[in-house]
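The next block holds one structure in the form of structure tokens; read it before the comments.
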Amino acid sequence: MPEHMTAAIDDGFDQNARDAVYRAMFTRRDVRSHFLPTAIDDDVLARLLLAAHHAPSVGFMQPWNFIVIRDIERRERVRDLFLAAREQELPAIEAEKQALYRKLKLEGICESALNICITCDRQRSKGSPLGRWHNPEMDLYSTVCAVQNFWLAARAEGVGVGWVSIIEAEALKRLLAIPDHVTPIAYLCVGRVSEFASKPDLETHGWGRRLPLPELIMSETFSGEGETQLKSTVARLNTVSAAPDTIRPADQGVAPAVPQREPPKEASALSLSSLNFDDASVNRASQAGSGTWPAMVLK
Ligand SMILES: Cc1cc2nc3c(=O)[nH]c(=O)nc-3n(C[C@H](O)[C@H](O)[C@H](O)COP(=O)(O)O)c2cc1C
């Protein structure tokens, strides 16, 4: 790990570094389309895997493995599993949403450069279940942390990631020769993309909206009222305005592997410490509940 990434800093990251971290979080997308037929360098993939491997894990168990799947025939078989699972899931969808469900693109298994299956070895801490005696499922959650690290690092590198969960797990295990004691956690489509959408595909297609964050904050107990000040601060940050529909790789300031230009002016407005919103955007924000970088507006 480069020295500048591990040097001790007393009071958090400097502003640019903080902005970059939030930027990765707010512009990360689940990508199913817009994959380019471009290979991913092993150097880049190695960094993503290293980021995943530095995720927190219960008892430092590190229960993950990363199966890299490049073979197109194997991927076609995975896509067949997806198609079968989608038909099985369809009847569980509300009748009025079924037509929309059919139209949604919910995987990019064959179009992406490669697939990665991140698994959880449930026996890796055999005999010493630190932190898992009461809650054995903590190893699964740890593996999800690794998935999220991978996803955020990928966004910073300009690499798209799409999580495909509409697959029957036992069938996937057979196809990938995953042993009984290992659980597949995430099947990911990974590749360079022509663009990152500014909001979730499911929001664009009217499937769902981001919930208003203030309504999800509770005080002291579940459903406990209070934290008014915190909620209004959150509502002010959680602002939304005329974000572009897409952020193309060329708009990124972080990823080194794609052509870059300076981020749009609003981008630097992400400095959370300096946010100062006008009332209209705050009102829109509390109604919409959405927050998409670089949509934040400085007065
Ligand atoms: C555990 C998990 C499983 C998911 N499974 C699928 C899936 O099977 N197909 C799909 O298109 N998206 C899947 N997604 C992506 C979500 O639809 C997406 O995260 C959500 O709509 C918000 O969009 P965003 O990730 O672009 O912010 C999954 C996400 C998670 C966290």
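At-a-glance table
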item	result
Leading residue by the ranking (farthest from Ile166 (Cα to Cα)) among those in region 177-191 that are more than 13 Å from the ligand (Cβ to nearest atom) and buried (at least 23 other Cβ atoms within 10 Å of the Cβ)	Gly191
Every residue from region 154-203 that is without any contact (Cβ under 8 Å) to a residue 40 or more places away in the chain and farther than 15 Å from Val68 by Cβ	Ser165, Ala169, Glu170, Lys173, Arg174, Pro179, Asp180
Qualifying residue in region 65-82 (condition: under 17 Å from the mean Cα position of the chain (by Cα), β-branched (Val, Ile, Thr) and either at pLDDT 95 or above or more than 15 Å from the ligand (Cβ to nearest atom) (or both))	no
Residue list for region 30-64, filter: more than 18 Å from Val144 (Cβ to Cβ), of a type outside the set (Val, Ile, Thr) and within 15 Å of the ligand (Cβ to nearest atom)	Arg32, Ser33, His34, Phe35
Residue check for Leu172: more than 16 Å from the ligand (Cβ to nearest atom) and either in the same structural domain as Val147 (by TED's automatic domain parsing) or among the hydrophobic types (A, V, I, L, M, F, W, C) (or both)	no
Where a residue in region 123-139 is within 19 Å of Pro179 (Cα to Cα) and its partner, wherever it lies, is surrounded by fewer than 16 Cβ atoms within 10 Å (Cβ to Cβ), with Cβ under 6 Å and at least six apart	Gln123/His181
Top-ranked residue of region 99-127 - restricted to ones that are surrounded by 13 or more Cβ atoms within 10 Å (Cβ to Cβ) and part of a helix (DSSP H, G or I), ranked as farthest from the ligand (Cβ to nearest atom)	Leu100
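The values are calculated or read from the model by the stated rules, or taken from the named source; none is laboratory data. Owing to the predicted nature of the structure, the values given are computational and were not obtained by experimental measurement. As a convention, Cβ positions derive from the backbone with ideal geometry for all residues, glycine included, and neighbour counts pool all protein chains shown.
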